[in-house]
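Where a number appears in this text, it was derived from the coordinates with a stated rule and is not lab data. No experiment lies behind these values; they were computed from the predicted model shown. Methodologically, a virtual Cβ is constructed for each residue, glycine included, from the backbone with ideal geometry; neighbour enumeration extends over all protein chains shown.
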Amino acid sequence: MTSGRFSRGPYWQLGILGALILWLYGSTLAHLVWQWWQDPNFSHGFFVPLFSAFVLWQERGELAKLTVRPSWAGLPILAFGLCVMIVGRLGAELFLSRSSLLLVLAGLIVLFLGWNFFRAVFFPWAFLILMIPIPAILLNQITLPLQLLAARVAAAALPILGVPVLREGNIIYLPAMPLEVADACSGIRSLMSLVTLAIIYGYLMEKRRWVRWLLALASVPITVFANDVRIVGTGLLVQYWDPAMAEGYYHASWGWLIFVVSLVMLYSLHLLIRFLFPDKEKNDQSTTTSSAAPIVFPSLKGGATSFILAIVLLAGAATFLQAHAGNEPSVSRAELQQVPTQLGDFTSTDVAIDQDTLDKLGHGDFLHRVYQDNGKSPSIDLFIAYYPSQRAGETPHSPQNCLPGSGWTPVQNQRILLTMPDHEPFPANRYLIAKGDSRQLVLYWFWAHNRGVASEWWAKYYLVKDSIQMNRSDGSLVRITTPMYRGESAEAAQQRILPFVGNVLPLLNTFVPE
């Protein structure tokens with residue numbers, strides 16, 4: 001491939017590439033922006049592409065001096081990015097379809113401008129990853145530990161300040177009222193925003209790379225510390241002033257105040273670094289002639305073959321996805337409320353699911369019942385969550401991510417095999433939990449299309465596979481829980497509830513269609 005100076009190029013070629021990318025990623029980007037608007041955890045996403053564009057604008061003078069060295073290595077990168085896009089779209093995996101845009105951009109940059117140019121724009125390119133929300137399967141595993149950490153710190157600090165507390169998981173029982181460290185109080189929202197702002201601040205205010213890295217890394221403990229202070233402060237306000245401080249406007253205002261405190265701490269850390277390790281370079285050296293540099297675009301002259309191949313790949317992927325677009329086929333199924341109220345010797349009582357829980361679960365069909373056999377043995381709790389489509393990111397998650405948050409401590413976790421008529425044995429999780437002197441045995445598994453799996457990751461794999469092969473992304477979680485007798489072993493409790501499990505299994509395909 002030919003090389004040359006970075007200069008003004010044909011606008012029509014750039015326009016065609018831009019139009020194809022917009023056609024390919026229009027719906028993906030629209031849904032991404034909608035999530036930024038709706039989900040406070042990722043509202044910082046609006047600033048990420050703007051800052052990347054600002055960095056490119058600032059560096060345009062240096063970029064204009066680069067020699068264009070197009071590389072055919074960009075073609076397989078582009079093809080790989082498009083394959084990730086197709087798998088993500090057809091496989092109902094939002095993170096794959098969104099992150100593939102970065103691979104596509106990288107492939108185009110290397111293909112038309114070369115590796116030297118990609119290295120020059122690596123920072124604004126890599127920064128774009130912060131605009132993509134963390135997959136729910138990972139977010140749940142980050143949020144809960146942050147909740148539990150904040151609850152532990154508050155439970156340790158409040159007694160020192162004269163407030164006796166009792167902690168169960170992420171719930172702190174104060175004399176005035178119980179205080180729950182909910183998802184919104186985990187600090188994940190401030191963490192994502194402060195990391196993003198720390199990177200932006202470091203780029204704008206500091207030239208030394210090691211200091212930039214230090215500020216970005218320091219944003220994590222700063223956020224965790226500030227959030228712990230928030231929970232402790234809320235406990236003090238609730239106990240000594242007004243319980244209303246734990247909710248509504250006051251609670252939201254407290255969150256904003258703590259975020260501002262985090263920014264002040266980050267700025268103070270930077271001042272301390274400057275004092276201990278002063279920058280010997282003169283500040284006026286940071287000004288360059290780049291501000292007066294002309295706006296330039298890549299020259300595609302001499303790259304007709306690469307341009308045509310890129311057009312073919314982009315248009316081919318867009319056409320393929322367009323041909324396979326459409327709603328998921330409707331499947332016949334019974335509503336979960338039609339699950340028999342009597343299973344064997346067990347009769348049931350419905351348990352109402354509160355609105356906050358429904359909001360967390362998302363759009364789906366949910367059943368929560370307690371079955372009893374006339375007091376002969378402890379009750380059995382049945383919970384089923386069915387999602388008719390997981391393409392919007394709503395998906396069942398492991399009870400291991402929520403049970404510890406409600407005060408239950410995990411004691412034992414292992415895999416067992418469940419059997420049902422005319423079906424191969426499949427794995428399920430046996431989860432032993434404790435709260436004080438109480439213990440419970442939990443069996444749970446993921447069920448979809450006549451298939452049961454125990455692993456959340458395998459459930460995600462089959463979601464992608466079935467979405468591609470069947471154009472269906474529906475699936476469910478089945479959880480069965482029972483209190484244990486004092487001194488009862490996990491094996492004995494398992495054998496006690498297996499007859500009930502045997503009554504549930506043959507019903508699943510009626511409510512979670514094959």
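Assorted remarks:
- Region 319-365: C-alpha gyration tensor shape, a/c 1.5 cut-off, then a/b vs b/c: oblate
- Computed packing ranks the peptides 357-363, 342-348 as 342-348, 357-363, most packed first, by mean other Cβ atoms within 10 Å.
- For trypsin sites (Lys or Arg not before Pro), no site in region 54-110 is both called loop by DSSP and has at most 10 other Cβ atoms within 10 Å.
- Vicinal HN-Hα couplings computed from phi for region 357-364 (Karplus, 6.51 cos²θ - 1.76 cosθ + 1.60; Hz; Gly/Pro x): 5, 4, 5, 6, 5, x, 8, x
- Seen against the Cα atoms of the chain and their longest principal axis, helix 94-112 is set at about 20 degrees.
- Relative exposure of Ser330, Ser268, judged by other C-beta atoms within 10 Å (fewest first): Ser330, Ser268
- Across the chain, C-alpha contacts under 8 Å between residues 6 or more apart give a mean separation that, scaled by the residue count, equals a relative contact order of 16 percent.
- Between 0 and 90°, nearest 10: helix 136-160 axis offset from the chain longest Cα axis: 70
- Mean sequence separation of contacting Cα pairs (under 8 Å, at least six apart), scaled by the length of region 336-511, corresponds to a relative contact order of 22 percent.
- Label of the coordinate-derived value, semi-axes √(5λ) of the Cα gyration tensor in Å, listed as (1) 52, 29, 19; (2) 48, 34, 16; (3) 69, 29, 17: (2)
- Think of each Lys and Arg Cβ as +1 and each Asp and Glu Cβ as -1; about the Cα centre, that makes the dipole of region 336-511 roughly 360 debye.
- Peptide packing: for 229-238, 436-445, the average count of neighbouring Cβ atoms within 10 Å per residue gives the ranking 229-238, 436-445, highest mean first.
- Mean residue ellipticity (222 nm) of the chain, computed from DSSP H runs ≥ 4 via -39,500 (n - 2.57), nearest 500: -16500 deg cm²/dmol
- Residues Phe259, Phe46, Phe95, ranked from the fewest to the most other C-beta atoms within 10 Å, line up as Phe46, Phe95, Phe259.
- Each Lys and Arg Cβ is given +1 and each Asp and Glu Cβ -1; about its Cα centre, the chain then shows a dipole of about 2120 debye.
- Ranked Val87, Val351, criterion: other C-beta atoms within 10 Å, fewest first: Val351, Val87
- Distance violations [Cα-Cα > 32 Å] among Lys376/Lys465; Lys360/Lys465; Lys207/Lys460: Lys376/Lys465; Lys207/Lys460
- Across region 196-208, rounded Karplus estimates of 3J(HN,Hα) from the backbone phi angles (6.51 cos²θ - 1.76 cosθ + 1.60, θ = phi - 60°) give 4, 5, 5, 5, 4, 4, x, 5, 6, 10, 9, 8, 6 Hz, Gly and Pro being marked x.
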